[in-house]
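Taken together, the values in this text are just the output of simple stated rules run on the coordinates, not laboratory data. Remember, predicted model here, so these are calculated numbers, not experimental data. We place every Cβ from the backbone using ideal geometry, glycine too, and count neighbours over all the protein chains shown.
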Amino acid sequence: MAAADTPVLLINAPLVASRLGYPDLSGLDLLEAFAFIHPARFCVPTPRGLAEALGLPVPETDAAVPELLQRAAGALIAAVRDPAWFAREGAWSALQSLERLRWPWAQVLKPHIARPEKAERWLFARLPEWEEAGERPAPRQVELSPEAVQAQLARLTGEGAEIREGQRAYAQAVSRIFAPRSAPGRPHLALAQAGTGIGKTLGYLAPASLWAQRSGGTVWVSTFTKNLQRQLRSESRRAWPARRPDGTPPVVVRKGRENYLCLLNLEDALQGGFAGRAAVLAQLVARWGAYTRDGDMIGGDLPGWLGTLFRKRAIAALTDQRGECIFAGCPHYRKCFIERAARDSAQADLVIANHALVMINAARARDPNQRPTRLIFDEGHHVFEAADATFAATLSGQEAIELRRWLIGPEREARGRRRGLSARLADVASYDEAGAEAIAAACKAGQLLPTDGWLQRLADNSPFGPLEALFAAVRTATYARDESGGHEAGYGLETEASGLPGAVIEAASAAGEALASIRVPLIRLGGRLEAILAEPPDWLDAQGRARIEGARFALAWRIELIAAWEALLDRLGGPADPQFVDWLAVDRSEAREFDVAIHRRWLDPMKPFARVVLEPAHGVLLTSATLTDRTLEEDRWASAIARSGAAHIEVTPQLSTADSPFDYASRAEVLIVTDIAKGDLPALAGAYARIIEACGGGVLGLFTAIRRLRAVHGRIADRLARAGLPVYAQHVDPIDTGTLVDIFRDDPRASLLGTDALRDGVDVPGHSLRCVVMEQVPWPRPDILHKARRLAASKAGGGGSAYDDRIIRARLAQAFGRLIRSKEDAGHFIVLSPAFPSRLLSAFPPGTPVLRVRLDEALQRVASGVLDRQSDPQPGALQP
Ligand code: SF4
C-alpha cells in the first residue's frame, strides 16, 4: 500500500516483489539509476553490493538498509553533479527520452543534469569503426625448448613467486602440443589432469603465449563456464598488454553472435519497436552500448541483473538471435560489435571462447582459414557433453517455427524490423528473375511449417499443415508409450524412435516432402547468389557483395539444417543405425508442454568431434581438475582417453598428471548423514536449515531436482532471512545464475541453493563458501540416451553400473571441488543420504576424512569448524 501511494526507494524491485508475493511492486529502483549513471560498471545487486560500488559504509543489519538506500540515492545524484562524471555524454538526451517514457528516476535526475552546450552525438556516432585488416599469414613452425617455456612461466608468475614444481611440469607437458605436426590429420593431443591449485591457467598460458609470439599464430582457449573466461581475461594480462602499439587487442573474448548487442535491433527498439518498460530498458542498454568494452550482453559488462529488472525476453530481442543480420546492408555494419569481435579474433594472439562456439566454428566457419589449429580445452571434462549438444539433430516445433520466421518474417502486425527472406534479398529479387522465383517458392513452401498457436492446436487435435501433423502424431505416440513416470510428476516424456506406429511414419514422410520443398528452392537461390557474385552487376558495390556473401553463408547453414531434419525423418521407419540414438519427446515443465521433438544424438559424439575439431588441428590439449576417473580399481585414464576422441583419429594422447598441492586431509571433511530418510521432505528442509544456522551461512546447497529445491527453499528461506542468513535460490529468485553467484560471493552470511549449473560453475574462494551440501547421491537420470550409452559401455566390457559409478564419481568430484579453491580454504562437504555406497568414496581426494554420522553430530562438527578437528580424532573414519 505504501508503494502504491508514493514511489519508494528499492533495490531490485522484482526480487522484493517475489519475496513479498506482490508482483506489481514498482518504485524508484536504485539499480536502474545505477545502470543509467554508471553504465558498464559492475555492482552486486544487494544493499551491501550497492554500498560497496558507491563507496558507502556497508549496512551491518537489515535495520540499517533504509538509511543506506537514501544515502545511495544521494551518492548517485552527487555522481551526476560531479564535473568529472565519466558517463555524462549522452545522458541529457537519454533522459529526455526516459522522461517521455515516464521513467520514475527522470524527474529526480532532471534538475541535476544540465543541457549540454553542444548537441550530443548519439550512440551510433560515438562508437568507433572497425578496420579491415589483411589476412594473417600462416604461423611459422617453431619448437619451444624446455628452458624457454620455464623462463616464460617464471616471467608470467612474477618475480619472487613461489616455485611450484607441479606447475612447471604441467607447463612442460602442455608445451608439447605446440611442436610441428608430423602427419596430416594427426594433431598432437595431450590430456592433462591438473589438480586444483597447481596454477593451471598460467601453466598453459606460458607455452601458449611463447608459441604465439614466436610463430605469429593464434591460440584458442576454450572454457565451459563464463566465470573461467573472466578469469582468463584477467590472467592473460600478464602475458599480453591490453592493446598492441597499433591499437588492436592481442587477446579477444569471442562468443556466439547471440551474445552481442545488435545495433540495428537497438535502433529499432529506440525508435518505437519497444513500448512501456521494455522501451526504458532499451534506453538503459543504449547508455551501456556507448561505454561497453565489447558489446557482450550475456556475461560481459552489461550487468546480468539489468534484464531481470525488466522483461527477460527484451534482452534477447536486442541480440541477433535468429541469424537475421543483413551484414553490409546494415547501416551500422562498420560499427557492429559482432563484426568487430570476428575481425579482432582473426588478428588475435589469444582467443578465449567456449566449447560450443569452438565446435560450431570448426564445423561451419565462414572462413576456413579462421579455424582454430592450436586449441586448449580448459574444463575439458565438459567437452563430451558440449560435443553431444553441438552435433545433435533436433527437429522440434520451436525449431521449425524459427525456420518459418526466418523465411517469412513476422506474420501478424509486429513492431520492429524483423523481416523475412524476400525483404532481406529484395535487390537480388528485382535484378534476377530466377532468384526471385526461388525466394517466392521457398517462402510459399515455408507456409507448410508450424505457426503460432501450434501447441494449442496439437492439444485440440486440429494440427495445421504437414509439420504440425507430424508433431501431433509424435505427441500422441509419446504419451501412449512413455514409461518414465514423468507423466504424473509433470516432467518431460519420451519414447524410443523404434517400432513406431504407422501414423508417425506416414506423417514423417509427408513432413519430409514439405521440408524438401523448402530446401530445393533454397539451393537454387544459393546457386543464383553465387552466379551474381561470379559475374557482379554494376550496382553491386563492396557492401552489397559482403551482404550477399553473408546471405549465402546463412543460406548454406539453413540448407544443411533442413537436410539433417529430412535425414532424421527418413530413418524413422527403417532399421536403427547403431551409431545414433533416436527418440521422440514432449518437453514439459511443471506439466506445461513447451515443445514436441524428434531427437538424434551420436552414441559417441566424439566421433564427429574428432573429424571436425581434432583432425584439422595441429595441437589440442584437454585439461581439467577432474579429467581422470577417481576409481580405485582399473585404469584412471581409460574414460578420459575414450572421451577425448583420440581413438577416432588413431592418435595416442600424451598423458600427464599434476596433483593438487592442497592439504585436503586437514582442511576438508566429508560427512555422510545417515538419519535423513529419502523422500522425507520436512526432514530434508530441516536439515538444510540447521546446517545453514550451524555454519552461519556460507552454504552451497546442491539439488538433483528443481521441485525439491523449491520445496526446501519455501520452507526455510523466510525463517533464515529473519535470522540474518539470506538464502538465495536458482529457479526461485528472479535473478540470473551469474548474479546469484556474485551475491553469494559478496556476502559471507548468504547461502545459495541450486542445481547442476552450480556443481562446477561456482568459483568462490575464501570464507563465503565453507560448506557444500548435496541432498542425495547424484545418480544419472535413466533417460533413453543414458540407457543407450550405458548399454554400449556394458557391451564394451565395462559393465553398466561401472558406467553409472564413473558419472557419479565425476559429479561428486566436481561438487567437492567447489569447497577448497585456495590454500586457505577449509570446510565440510555433506551428503544428506544414508544410501551412499562405499565404492563411490574414492571420488574425494585421497586422505580426505569421510565419516558416516547422524545429523546432530554433523551439526556439532560443522559448528566447531574443520580446523579444530585434529584434536578430535575419529576412530571409525572411513578412508577413501
Ligand atoms: S551488422 Fe548485423 S548484427 Fe551487426 S548491427 Fe547490423 S544487423 Fe545487427
Just tell me, in residue order, which DSSP H segments of the chain are both 30 angstrom or longer along the helix axis (alpha-carbon based) and at least -1.0 in mean Kyte-Doolittle hydropathy. 502-534, 542-570
Only four residue types carry charge here, +1 at the Cβ of Lys and Arg and -1 at the Cβ of Asp and Glu. Report the dipole size of the chain about the Cα centre in Debye, rounded to the nearest 20. 920 debye
Relative contact order of the range 1-103 (C-alpha contacts under 8 Å, at least 6 apart) in percent is 21 percent
Candidate cut points under chymotrypsin sites (Phe, Trp or Tyr not before Pro) in the range 67-123, DSSP loop plus at most 10 other Cβ atoms within 10 Å of their own Cβ, are none
Under 9 Å from the Cβ of R424, count the other residues' Cβ atoms, weight Lys and Arg +1, Asp and Glu -1, and hand me the total. +1
Let me have the relative contact order for the range 712-803, percent, based on Cα pairs under 8 Å that are six or more residues apart. 18 percent
Which whole-percent values make up P(r) of the chain when all C-alpha to C-alpha distances are grouped in 10 Å steps starting at zero? 2, 11, 19, 24, 24, 15, 5, 1, 0
Counting DSSP beta bridges with both partners in the chain, what percentage is antiparallel, nearest 5? 30 percent
Inter-centroid distance (Cα atoms) of the range 48-90 relative to the range 170-248, Å: 40 Å
From the Cα gyration tensor of the range 178-323, with a ≥ b ≥ c the square roots of its eigenvalues, which class applies: rounded if a/c is under 1.5, or else prolate if a/b is larger than b/c, or else oblate? prolate
So, by mean Cβ neighbours within 10 angstrom, what's the order for 786-797, 716-727 with the highest one leading? 716-727, 786-797
Label-point separation in nm, E117 to W85, each point 7 Å along Cα→Cβ: 1.8 nm
Quick check: Cα centre of the range 103-156 to Cα centre of the range 748-823, how many Å? 37 Å
Show me the chymotrypsin sites (Phe, Trp or Tyr not before Pro) within the range 456-555 that DSSP assigns to loop and that have at most 12 other Cβ atoms within 10 Å of their Cβ. W539
Length gained when the stretch E590-D541 is fully extended (0.36 nm per residue, less Cα-Cα span): 12.3 nm
Among the GluC sites (Glu not before Pro) within the range 40-125, which fall in a DSSP loop and have no more than 11 other Cβ atoms within 10 Å of their own Cβ? E60, E117
Place the peptides 736-743, 445-452 in order of packing, highest mean first, counting for every residue the other Cβ atoms within 10 Å and averaging per peptide. 736-743, 445-452
Förster-model FRET efficiency, 22 Å R0, Q447 and A423, C-beta, rounded to 0.05: 0.85
Prolate/oblate/rounded label for the range 186-260 (Cα gyration tensor, a/c 1.5): rounded
Relative contact order, percent, of the chain when contacts are C-alpha pairs under 8 Å separated by at least 6 residues? 14 percent
Value at 222 nm in deg cm²/dmol, rounded to 500, when DSSP H runs of n ≥ 4 in the chain each add -39,500 (n - 2.57): -13500 deg cm²/dmol
Leaving out same-chain residues fewer than 8 places away, which lysines sit with a Cα under 22 Å from that of K795? K607, K787
Protection proxy ranking, peptides 638-644, 75-81, average beta carbon neighbours within 10 Å, highest first: 638-644, 75-81
